[in-house]
1. Within the range 90-108, restricting attention to residues that are at pLDDT 95 or above and not β-branched (Val, Ile, Thr), which residue is nearest to residue 59 (Cα to Cα)?
2. Condition test on residue 158, is it touching an Asp or Glu at 6+ places or on another chain (Cβ under 9 Å), at pLDDT 95 or above and under 30 Å from residue 49 (Cα atoms)?
3. Mind telling me which of the residues 39, 9 ends up being within 27 Å of residue 125 (Cβ to Cβ), at pLDDT 95 or above and touching a Lys or Arg at 6+ places or on another chain (Cβ under 9 Å)?
4. Sort out which residues of the range 112-124 are over 15 Å from the mean Cα position of the chain (by Cα) and either surrounded by 10 or more Cβ atoms within 10 Å (Cβ to Cβ) or at pLDDT 95 or above (or both), and write them in order of number.
5. Within the range 1-46, how many residues turn out to be farther than 14 Å from residue 72 by Cα, touching a Leu at 6+ places or on another chain (Cβ under 7 Å) and assigned to a strand (DSSP E or B)?
6. Looking only at the range 84-105, which residues are in contact with a Lys or Arg (Cβ under 8 Å, 6 or more places away or on another chain) and either within 20 Å of residue 154 (Cβ to Cβ) or among the aliphatic types (A, V, I, L, M) (or both)?
7. Mind checking whether some residue in the range 64-72 is closer than 14 Å to residue 33 by Cβ and buried (at least 16 other Cβ atoms within 10 Å of the Cβ)?
Amino acid sequence: MKHVELGWVAKAHGLRGEVSIRLHWPQSQVLSEVDRVLVQDEAGDRWLEVQSARPCARGMLVKFAGIDDRDSADRLRGARVSVDRAALPEPEEDEYYLADLLGARVEEPSGCVGEVVEVRVHATVDTIIIRTPAGELVEQPLVEPWIDAIDVAGRLVRLTTSDGLVR
């Protein structure tokens with residue numbers, strides 16, 4: 001994966017072009033450490049230079065170069081915000097980025113459960129959203145005793161049982 005999605009633009013903030021970015025992992029400081037981000041929306045994919053970034057409730061307030069008024073900032077609402085994978089530190093052994101799970105197969109002892117289509121960070125637990133072969137979306141907490149193994153390189157999440165699936 002060349003880019004890692006950090007979150008999305010929730011709304012314009014103030015009159016000078018700042019945006020509020022809702023982060024998948026609210027404690028992340030990556031936006032204050034990078035020079036540019038990939039913004040993806042209906043207008044297409046484009047790189048924007050980060051002029052400033054500061055923490056706010058549930059994310060970061062970011063000022064991009066060339067986005068200088070509220071109307072321009074508001075046009076970014078809903079855009080996905082990603083960074084180059086190389087801008088992130090390598091995870092330690094037996095660690096992974098939640099974004100690495102997107103697209104992974106999910107299996108349980110009796111067979112295929114589906115594919116990870118989304119990751120959610122809740123106050124008490126991280127979860128994956130799985131699209132089953134029938135198209136149903138189910139949620140699985142990423143905690144013992146339900147997770148047997150996560151193989152990022154093999155693009156596989158193996159469950160001990162399907163008892164943890166929330167339908």
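The values are calculated or read from the model by the stated rules, or taken from the named source; none is laboratory data. Only a predicted model underlies this, so the values are computations on that prediction, with no experimental measurement involved. Neighbour counts run over all protein chains shown; Cβ positions are idealised from the backbone, glycine included.
1. Among them, the one singled out is 104.
2. no
3. Details: 39 fails: within 27 Å of residue 125 (Cβ to Cβ).
It is 9.
4. Residues satisfying the conditions are 112, 113, 114, 115.
5. So the answer is 9.
6. 85, 103, 104, 105
7. Checked against the condition, which is being closer than 14 Å to residue 33 by Cβ and buried (at least 16 other Cβ atoms within 10 Å of the Cβ), the range 64-72 yields no hits at all.
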